[in-house]
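Peer 1: Mind having a look at this structure? Questions to follow.
The values are calculated or read from the model by the stated rules, or taken from the named source; none is laboratory data. All figures in this text were calculated on a predicted structure; none of them were measured in a lab. Every residue, glycine as well, gets a Cβ built from its backbone with ideal geometry; the counts of neighbours run over all protein chains shown. The accessibility values were calculated without ligands, DNA or RNA, using every heavy atom of the protein model including side chains. Shrake-Rupley method; radii C 1.70, N 1.55, O 1.52, S 1.80 Å.
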Amino acid sequence: RLVHLDLKGAAPRAQYLEQVLPLLRALGATGLLLEYEDTFPYAGPLEPLRAPHAYSPAELRALLSRARAQGLDVVPLLPFPLQFVLKHREFAHLREVKALPNALNPHKEESLALVKAMIDQVMALHEDLQWFHIGCDEVYYLGEGEESKQWLQQQDNTPEKLCLSHIKAVATCLASSYPRVTPIVWDDMLRGMSEETLAESGVPQLVQPMIWDYAADINVEAKVQLIEKYHRCGFSKVWFASAFKGATGVNQSLTLVGHHLRNQLEWLQVASRSPADVLEGIALTGWQRYDHFSVLCELLPVAIPSLAVCLQALKNGGYSEKVKENVEKLLGMSNLEVDTFMSTSLGTFPGSNILTLVTQVSFYLKSSVDELLERNRYVTGWFSPYHRKRKIIHPIMIHHFQPDAVSLLSKWNAVVQDLQAAMEQVFHRCAIEEWMEENVHPSLQKLQQVVDDLDEA
């Protein structure tokens, strides 16, 4: 049971992750799937790939050794096709399609040299790895570059074969230097391929596919058939990937636990109907962005109750009142809601104060400001955009809503200050800025502007 930490947005400080590890272990995790992206401390010619808030080698070593001490396996994830690399000017010449940073040009020798250099640097910081996830999902625009078009004109060459040869090249690159490490790939590029194409490619002997589906109502029968197909093609083992957050809305700020719980229960059904010796494990994904360029979805501390419920359901083969009580005990929550966003109880898990404050902001900030500015008859009738622009107002009308506006503003400023302080314990400034600009500033600035206009009028 691998917990996926997606570090390509709002990557928590190393100290916070270290605090969370014992909890993950207690909840039933047996490993971590670490998607570093630009938070890995790349060096030498790869240094431009490091984000300003990247972990230092010392921080990572300490975190990995803490994970090992907790009995957690670590599986690094390098998300080929490498959007976070190809966006940089220094690596733009390796794009499959010149204008788009979506896929690596598979025909250039330098592309494979880049892959090898990245794998080598990640491997150098990790000890005793059993698996290495090489991504390979949603490889859009592969086959649309000039060299690929020429390659596809040759007899018997197809886009599927191009994709498989690319996967094979990356997996071989890993296997030739690190023969004891098994590559894992996302399976979505493989799903639609014929058994014959897959079997002939030689890929099944090299990698383990990770079948992902984050829905609350998986087609169990179709999944079982897919697993059987992969088995017939020569894949020795498969993985499942469920989700505990980051899969229900690109700019979602709160996690609906019930959706993710149902997703795990569906996967348990698939597992119970699959051949026993085929399943290697499951990764509970926790996406932080839908891709490198999208906005943030739910922050990790906000989703810990969901992660707890999901891990415990998988560990216990289902969810019951007893499991719920155990989750509440481990999180220090008196009452955990699964079917609504509202969790009234505070919790004592690391970052629980962030969940409480984010819940307040998400539920009430925009609605309370809209209520005042769009549904208060004194504001809409006597301080409309027309009045505000000209700074005119009947003095008696000020008394009808200025106190409300001022008190609402000071209330929200206090909440946001608390949230900022709580977030500083867990995140770097860039993540806090981004979250505030997306979720707080639009409403707060609107309210501030009305208060300022009132003063001037």
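Peer 1: Give the residues of segment 250-303 that are of a type in the set (D, E), in a loop (DSSP other than H, G, I, E, B) and either touching a strand residue (DSSP E or B) at 6+ places or on another chain (Cβ under 6 Å) or without any contact (Cβ under 8 Å) to a residue 40 or more places away in the chain (or both), sorted by residue number. First the steps, then the outcome.
Peer 2: Initial filter on segment 250-303 (of a type in the set (D, E)): 266, 277, 280, 291, 298.
So of that shortlist, the ones also in a loop (DSSP other than H, G, I, E, B) come out as 277, 291, 298.
If the condition is that a residue be of a type in the set (D, E), in a loop (DSSP other than H, G, I, E, B) and either touching a strand residue (DSSP E or B) at 6+ places or on another chain (Cβ under 6 Å) or without any contact (Cβ under 8 Å) to a residue 40 or more places away in the chain (or both), then D277, E298 are the ones that fit.
Peer 1: Residues I211, I218, I167: which one is without any contact (Cβ under 8 Å) to a residue 60 or more places away in the chain, in contact with a strand residue (DSSP E or B) (Cβ under 7 Å, 6 or more places away or on another chain), of a type in the set (A, V, I, L, M) and not in a helix (DSSP H, G or I)? Full working, then the answer.
Peer 2: Details: I218 fails: in contact with a strand residue (DSSP E or B) (Cβ under 7 Å, 6 or more places away or on another chain); I167 fails: not in a helix (DSSP H, G or I).
None of the others qualify; the one that does is I211.
Peer 1: What's the total number of residues in segment 75-93 that are closer than 18 Å to E138 by Cβ and either at pLDDT 95 or above or open to solvent by less than 10 Å² (accessible area, probe 1.4 Å) (or both)? Walk me through how you get there before you give the answer.
Peer 2: Looking only at segment 75-93, we keep the residues that are closer than 18 Å to E138 by Cβ, and these are 77-87.
With the extra rule that they be either at pLDDT 95 or above or open to solvent by less than 10 Å² (accessible area, probe 1.4 Å) (or both), the set shrinks to 77-78, 80, 82, 84-87.
Result for segment 75-93: 8.
Peer 1: Would you check which residues across segment 227-249 are farther than 17 Å from Q205 by Cβ, of a type outside the set (G, A, S) and not in a helix (DSSP H, G or I) and list them?
Peer 2: Across segment 227-249, the qualifying residues are F240, F244, K245, T248.
Peer 1: Checking N335 against (1) among the polar types (S, T, N, Q); (2) within 24 Å of the chain's Cα centre (by Cα); (3) part of a loop (DSSP other than H, G, I, E, B): exactly one of these is not met. Which one?
Peer 2: Exception for N335: condition (2).
Peer 1: Same structure again: If I go through segment 222-234 residue by residue, how many of them are open to solvent by 30 Å² or more (accessible area, probe 1.4 Å), in contact (Cβ under 8 Å) with a residue 40 or more places away in the chain and not charged (D, E, K, R)?
Peer 2: Result for segment 222-234: 1.
Peer 1: Next question, about the same structure. Show the residue pairs that are 6+ apart or on different chains and have beta-carbon atoms under 8 Å apart, the first residue being within segment 368-383 and among the charged types (D, E, K, R), the second being in a helix (DSSP H, G or I).
Peer 2: Going by the 8 Å Cβ cut-off, the qualifying pairs are D370/S443; E374/T380.
Peer 1: Here's another thing I want to ask about it. Return yes when W131 is surrounded by 16 or more Cβ atoms within 10 Å (Cβ to Cβ), farther than 26 Å from G31 by Cα and aromatic (F, W, Y) and no when it is not.
Peer 2: No: the conditions fail for W131.
Peer 1: Could you list, in sequence order, the residues of segment 198-208 that are assigned to a helix (DSSP H, G or I) and open to solvent by 30 Å² or more (accessible area, probe 1.4 Å)?
Peer 2: Taking segment 198-208 and keeping what is assigned to a helix (DSSP H, G or I), we get 198-201, 203-205.
Across segment 198-208, the qualifying residues are A199, E200, Q205.
Peer 1: Being among the small types (G, A, S), open to solvent by 20 Å² or more (accessible area, probe 1.4 Å) and within 21 Å of R1 (Cβ to Cβ) is true for just one of G31, G71. Which residue is that? Even if it seems obvious, please write down each step before you answer.
Peer 2: Working: G31 fails: open to solvent by 20 Å² or more (accessible area, probe 1.4 Å).
It is G71.
Peer 1: A follow-up question, please. Criterion first (assigned to a helix (DSSP H, G or I) and hydrophobic (A, V, I, L, M, F, W, C)) does V224 satisfy it?
Peer 2: In short, yes.
Peer 1: So for segment 44-65 (the condition being farther than 28 Å from A26 by Cα and at pLDDT below 95), does at least one residue qualify?
Peer 2: No; the residues of segment 44-65 include none that is farther than 28 Å from A26 by Cα and at pLDDT below 95.
Peer 1: Any idea which residue in segment 94-111 is most open to solvent (accessible area, probe 1.4 Å), counting only those that are of a type outside the set (D, E) and out of contact with any helix residue (DSSP H, G or I) (no Cβ under 7 Å at 6 or more places or on another chain)?
Peer 2: Among those residues, the one meeting the criterion is K98.
Peer 1: Residues in segment 426-440: is at least one under 22 Å from N376 (Cβ atoms) and assigned by the TED database to the domain that holds D370?
Peer 2: The first filter runs over segment 426-440 and keeps only residues under 22 Å from N376 (Cβ atoms), leaving 440.
Still in the list and also assigned by the TED database to the domain that holds D370: 440.
Checking segment 426-440: at least one residue is under 22 Å from N376 (Cβ atoms) and assigned by the TED database to the domain that holds D370.
Peer 1: Just to be sure, is K237 touching an Asp or Glu at 6+ places or on another chain (Cβ under 9 Å), more than 29 Å from L7 (Cβ to Cβ) and surrounded by fewer than 21 Cβ atoms within 10 Å (Cβ to Cβ)?
Peer 2: On the way: touching an Asp or Glu at 6+ places or on another chain (Cβ under 9 Å): yes; more than 29 Å from L7 (Cβ to Cβ): no; surrounded by fewer than 21 Cβ atoms within 10 Å (Cβ to Cβ): yes.
When the stated conditions are applied, K237 does not pass them.
Peer 1: A follow-up question, please. Anything in segment 3-62 that is among the charged types (D, E, K, R), in a loop (DSSP other than H, G, I, E, B) and in contact with a strand residue (DSSP E or B) (Cβ under 9 Å, 6 or more places away or on another chain)? List them, or say none.
Peer 2: Hit for segment 3-62 is K8, nothing else.
Peer 1: Moving to a separate point now. Would you mind finding the one in T348, T380 that is assigned to a helix (DSSP H, G or I) and among the polar types (S, T, N, Q)? Step through it out loud before you land on a result.
Peer 2: On the way: T348 fails: assigned to a helix (DSSP H, G or I).
So the residue among T348, T380 that is assigned to a helix (DSSP H, G or I) and among the polar types (S, T, N, Q) is T380.
Peer 1: Filter segment 298-327 down to the residues that are more than 17 Å from L268 (Cα to Cα) and basic (K, R), then identify the one that is least open to solvent (accessible area, probe 1.4 Å).
Peer 2: Taking segment 298-327 first, the residues more than 17 Å from L268 (Cα to Cα) are 298-305, 321-322, 324-327.
Then drop every residue that is not basic (K, R), which leaves 322, 324.
Working: K322: 160, K324: 38 Å².
Looking at residues that are more than 17 Å from L268 (Cα to Cα) and basic (K, R), I get K324.
Peer 1: While we're on this one: Before we move on, is A414 open to solvent by less than 70 Å² (accessible area, probe 1.4 Å) and closer than 30 Å to V250 by Cα?
Peer 2: Numbers: open to solvent by less than 70 Å² (accessible area, probe 1.4 Å): yes; closer than 30 Å to V250 by Cα: yes.
So A414 fits the description; yes.
Peer 1: What's the number of the only condition in (1) open to solvent by 60 Å² or more (accessible area, probe 1.4 Å); (2) within 18 Å of S177 (Cα to Cα); (3) of a type in the set (D, E, K, R) that E59 fails to meet?
Peer 2: (2)
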